[in-house]
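One structure below.
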Amino acid sequence: MSSSAPVLWQPSPDRIADANMTRFRQRIAARYKVTLDDDHALYTWSIHHSDLFWSAWWDFANVIGDKGENILIDGDKMPGARFFPDARLNYAENLLGGFGDKNEFVFWGENQLKRRIDAKSIRSRVSQVQQALRAEGVTSADRVAALLPNIPETIFALLGVTSLGATWSSASPDFGVQGVVDRFGQISPRILFVIDGYYYNGKWIDCTDKIKALLPLLPDVHKIIVVPYDGEKVKLSQKIDGVTDWSTWLMQYAPADIIFERVPFDHPLFILFSSGTTGVPKCIVHGTGGSLLQLMKEHQLHCDIKPGDRVFYFTTCSWMMWNWLVTALASGANIMLYDGSPFYPDGNILFH
């Protein structure tokens, strides 16, 4: 069915010629000596030559790691197919490797707090987090969970955790106590990051009572670390025994080189959860290599993200779009973070 609706926007010929999708299609055509006249032809070729497509994408995207000799084993089996069975890579290494010296994070917590963090500061804080986690005994066999909002410290924690090859899982602090336990109680995290509070619709929401209620319900947690919303000072309404302050936890470690633990391609990276509408939320495990390559493909081919571009998505840390947003670092993007009410009536345009 044809539509008479006007075209709202279409890219110029120059923009199409300079698009990542166009350059990748030309690379494939030259590399494999095939004719690919348009993007649909590339799509058709990719599903018939998935091993060649993903091998070429690894190279085009400059993925950091050891690709290995084998690309696809048992490709006709579902389940059973294995991509890059010999590969070794690290998620955080690729995100920080794509993040240039001029990149930054920009954060708005409604209209209450605004922060801008440069690349050097980001790497320094990730280094401290990695050292502190290693001192806690965290390895690639562990899970680490976070009840945090969409703030820079959440990304610092994610990168520190995954730099060690450990598995990350996060949820939004507006979840009720039982909702948190239903999720994190299944995965036995070694470390739990929690926020002291957050802003919503102009009001400060204190998390002291929620943290106190969680302490006895997650007995497998080795340590609970309270993260300050403003990145500097924890603001709990009362003292809580058995928790550690973020700044105190990190202050004994000077920034140093980050050592990345490379893991197999299908090593668990993220644990996300189903919605819980049909009972207790179900764990959904996402592998390291598959998540990285797929999200880099979405960013670079489908969104045409290039180094230095700004990427913003309004999301909480309970939704897979937060993982999507953060992974844009691997494509050299500047990340825009917003936390709070989607209807906050301050009249401003975000990140103008």
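The values are calculated or read from the model by the stated rules, or taken from the named source; none is laboratory data. Keep in mind that what you see is a predicted model, and the values were worked out from it rather than measured. Quick reminder, even Gly has a Cβ in these numbers, built from the backbone with ideal geometry, and neighbours come from all protein chains shown. Calculation scope for accessible area: heavy atoms of the full protein, side chains included, ligands and nucleic acids excluded. Shrake-Rupley method; radii C 1.70, N 1.55, O 1.52, S 1.80 Å.
Structure data summary
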| read-out | value |
| --- | --- |
| Euclidean distance of C-alpha centroids, region 132-185 and region 83-104, integer Å | 19 Å |
| Exposure ranking of Cys317, Cys303 by accessible area [1.4 Å probe, largest first] | Cys303, Cys317 |
| Where the chain is the region considered: accessible area per residue in Å², 1.4 Å probe | 48 Å² |
| Surface share of carbon and sulfur [accessible, 1.4 angstrom probe, percent] for the chain | 52 percent |
| Unit charges on C-beta of K, R, D, E only; dipole of region 249-352, Debye | 160 debye |
| Across Lys114/Lys233; Lys120/Lys210; Lys67/Lys297; Lys114/Lys212, pairs whose alpha-carbon gap is larger than 24 Å | Lys120/Lys210; Lys114/Lys212 |
| Share, in percent, of DSSP beta bridges within the chain that are antiparallel, nearest 5 | 45 percent |
| Percent breakdown of C-alpha pair distances by 10 Å bin, ordered from the shortest bin, for region 167-288 | 11, 36, 35, 16, 1 |
| Point-to-point label distance, Lys114-Lys102, nm (Cα→Cβ direction, 7 Å offset) | 2.2 nm |
| Charge context of Trp45, other residues only, Cβ under 13 angstrom, K/R +1, D/E -1 | 0 |
| Antiparallel DSSP beta bridges within region 210-352, as percent of all bridges there, nearest 5 | 45 percent |
| With all protein chains modelled, accessible area of Met321 [1.4 Å, Å²] | 20 Å² |
| Exposure rank, largest accessible area first [Met78, Met336; 1.4 Å] | Met78, Met336 |
| Which labelled figure in (i) 54, 45, 42; (ii) 67, 48, 46; (iii) 57, 51, 32 is Cα extents along the principal axes in Å, once derived from the coordinates | (ii) |
| Longest segment of the chain lacking trypsin sites (Lys or Arg not before Pro) that sit in a DSSP loop with at most 14 other Cβ atoms within 10 Å | 103-232 |
